[in-house]
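For reference, the structure discussed in these notes is given below.
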Amino acid sequence: MNRLNKTILGITAVAFTVACGNNEEKNNEETKDITPAFDISQIDSTVNPCEDFEQYAVGNWLKDNPVPESESRWGSFNIVHDANEIKLRAIVEEAAEAKAEKGTALQQVGDFYASALDSTTANELGIKPIQPLLDKIDAVSNVQELVEMMAETRKNGSGSMFSGYVGVDSKNSTQYIMYLSQGGLGLPDKAYYTPQDERGENILAAYKEHIAALFVLSGADEATANENATQVVEIESNLAENSMDRVERRNPEKTYNKMTVDEVQSLCPNIDWNSFFVAAELKGIEDLIVGQPAFFKALNKSLEAFPIDNWKTYMKWHLINDMGGNLSIEFEQQVFSFYSTTLRGVKEMKPRWKRALSKSNGNVGEQIGKLFVEKHFPEESKQKVLDLIGNINTVFKERVQKLEWMSDSTKTKALEKLSKFTYKIGYPDKWEDYSSVDIQANTLAQNVMNMNYFEYKKNVDRLGKPIDKDEWGMNPQTINAYYNPTMNEIVFPAAILQPPFFNPDADDPINYGGIGGVIGHEFSHGFDDQGSKFDGNGNLNNWWSDEDLANFKERTNKLVNQFDAYEVAEGNHVNGQLTLGENIADIAGITLSYYALEKAMEGKEDPMIDGYTYQQRFFLGWAQVWHTNSKDEALINQVKTDPHSPTRFRTIGPLTNMVEFHNAFGCKEGKMIAPDSSRVTIW
């Protein structure tokens, strides 16, 4: 179950080094305390910035930094992530050696990391850690026992058939409610089950081979394993056929279908829902939000269409696949082979310590975060970011007031929502108490299941309790940020407050092009095509006039068309509708940050660093954040599944619409200038 129902800025991996320009000594004399933070050696001056700004700004970097075999892409985020891993490795290794008191963050971090490093025990155990659950699945004799068994596997971290979680009610942000939604697929998207080209057919065939291989590792003979794979793909194809696509699922109005338990019972009568809720430890359910009623109506038929033994095979598959990365090396390698190599082009597994650290972050991440901020979060950074937030907030207000396409009544409501934004920076004010969770140094799979159950219980036990406004949806060491519409809040974990996003010693333009663009992006998520449907109190509630909404859609449709035209590997295009929210946030975010910089520069002289004006350095800072090389497999998977555009188009797409960029680089013509008829300005 998801910990939060939120919209998140998913950051794709990209590269960065904080280095001064070639004229460092001269510039330091001229600018005194201003430290340049853009390495001009990454600029390819043979390219016209008005033709291809990405190649101009970071072309040499792209040429000199191919994607390593252990990665699907390589860019600033990867380099920051790697630097972060060195800090985190020191923390977890110190914890592992500490032999701290049972139940403390230090003990849990140390012992979990030790268990993730312990390949000897994992290899000796093989499938044994999950064998009791597999045996329970084997004992199932009917559909009701099947779905109640699914509740048990979900508590341990394995999902199948459908999904569910307790979250803030989108139309009543003062209470929690149970959400039910589609699920149960092992491939990244429903489209993978109906391939339209040779590559898609090869992936589906490889998926069947992957299923069979894991069943063989689990003890099945080859013939049985192949038959199992056929059964799994048949069931998943059926579920996929009746699932909403990703574009539809972005729409919070389409996925908000409030029902009583009796209405859910009528929708899918082959499941005794009250008994399921008891098995799932869900108490006091009166109403639910059903994301996709058509899916559950079809699921009712599917439960009759496939034999119970096939459903048991399907459930065992999901348990094995979901837990495979925590079992022996053979299981881990097989999961890597399909999900990393076949789907994303990654050829080599990372070293065991990095895999162990990743598992630790994924399971005892908050405990690590508590240790991380004690060592690596300078509190003065918090105030500097708050100053940036204040400037961007002021600019947003000013720009809303001047909008020609929005009526005064809607402007008033937009400003009211903006005034109710809250901000979380660095780390939580209160930490979760995990002391009751049993973590031992030689039981990786069991540790994972114990943590999964703790998080599961914490989620379902929310029902009937007050909203926890102190809760975070990311750990402090996460290089990311997010906007949560039901809380109307923006969250900046500590780890994102470092270069290339934020450098306390850098000149303002680089910081405004970096963390300023991220802050503006998150502000704008409150006013993108879906976030704009929520009011200042976090409720799904239309506050727009019909005319203003039509004007907004006219502008966003232009953005859809612009990004639909961007082509990636093998003729695959960006999905402008799927990525619309992120694209709105990018173009609005960089615009807000640009004008916040202009406000910060009022009354100041431009020091001209490395021959670049402060406006030019702002856009160079933006390019520095997003520059990335990606493997074709990763790009193709991204445009099919990710609501974020590939980083090349995050770099250049917004700028083609900005007169401010054209003026900064003196662009009179070129591919970086969108025609007047298709140019997009929203906020």
Which percent, nearest 5, of DSSP beta bridges in the chain are antiparallel?
75 percent
Only sites in a loop by DSSP and with at most 16 other Cβ atoms within 10 Å count here; which GluC sites (Glu not before Pro) in segment 38-145 make the cut?
Glu51, Glu69, Glu101
Out of segment 446-484, which trypsin sites (Lys or Arg not before Pro) are coil in DSSP terms and have no more than 14 other C-beta atoms within 10 Å?
Lys469
May I ask you to list the trypsin sites (Lys or Arg not before Pro) in segment 638-683 that are in a DSSP loop and have at most 11 other Cβ atoms within 10 Å of their Cβ?
Lys668
Spacing of the two label points (7 Å from each Cα toward its C-beta) at Lys297 and Glu152, in nm:
3.4 nm
For the chain, what does -39500 (n - 2.57) per DSSP helix run (n ≥ 4), summed and divided by total residues, give at 222 nm, in deg cm²/dmol to the nearest 500?
-16000 deg cm²/dmol
Length-normalised contact order of segment 89-156, Cα under 8 Å, at least 6 apart, in percent, tallies to 19 percent
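Apply the a/c threshold of 1.5 to the C-alpha gyration tensor of the chain and tell me whether it is rounded, prolate or oblate. Don't jump to the answer; show the numbers that get you there.
Working: a/c = 1.64, a/b = 1.44, b/c = 1.14.
Here the chain falls in the prolate category.
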Using alpha-carbon positions, the gyration tensor of segment 65-151 gives root eigenvalues a ≥ b ≥ c; with a/c under 1.5 called rounded, otherwise prolate if a/b exceeds b/c, else oblate, the class is oblate
Which of the residue pairs Lys370/Lys465; Lys430/Lys457; Lys258/Lys553 have a Cα-Cα distance greater than 23 Å in the structure shown?
Lys370/Lys465; Lys258/Lys553
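Using the number of other C-beta atoms within 10 angstrom as an exposure proxy, rank Ser409, Ser532, Ser115, Ser593 with the fewest first.
Values: Ser409 12, Ser532 22, Ser115 26, Ser593 29.
With the sparsest Cβ surroundings first, the list reads Ser409, Ser532, Ser115, Ser593.
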Per the C-alpha gyration tensor (a ≥ b ≥ c, the square roots of its eigenvalues), segment 247-405 is rounded if a/c is under 1.5, else prolate if a/b beats b/c, else oblate; here it's oblate
Residues of type lysines that Lys312 reaches as a straight line, Cα spacing below 19 Å, ignoring anything fewer than 8 places off in the same chain:
Lys128, Lys136, Lys155, Lys208, Lys301
Using Cα positions and a limit of under 14 Å, work out the aspartates and glutamates in reach of Lys190, with same-chain residues fewer than 8 apart set aside.
Glu201, Glu234, Glu236, Glu241, Asp245, Glu248, Asp642
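With both partners inside segment 414-553, how many of the DSSP beta bridges are antiparallel, as a percent to the nearest 5?
Numbers: 4 of 9 bridges.
For segment 414-553, the DSSP antiparallel bridge percentage is about 45.
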Could you check the spin-label model distance between Glu97 and Glu241? Points 7 Å from the Cα along Cα→Cβ, value in nm.
5.9 nm
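Over all distinct alpha-carbon pairs, what is the Kirkwood Rh of segment 273-331 in angstrom?
Computed over segment 273-331, the radius equals 14.5 Å.
Values quoted throughout were computed directly from the atomic coordinates according to the rules given, and no laboratory measurement underlies them. This one's a predicted model, so the numbers in the text were calculated from it and none came from an experiment. All Cβ positions, glycine included, derive from the backbone under ideal geometry; neighbour counts span all protein chains shown.
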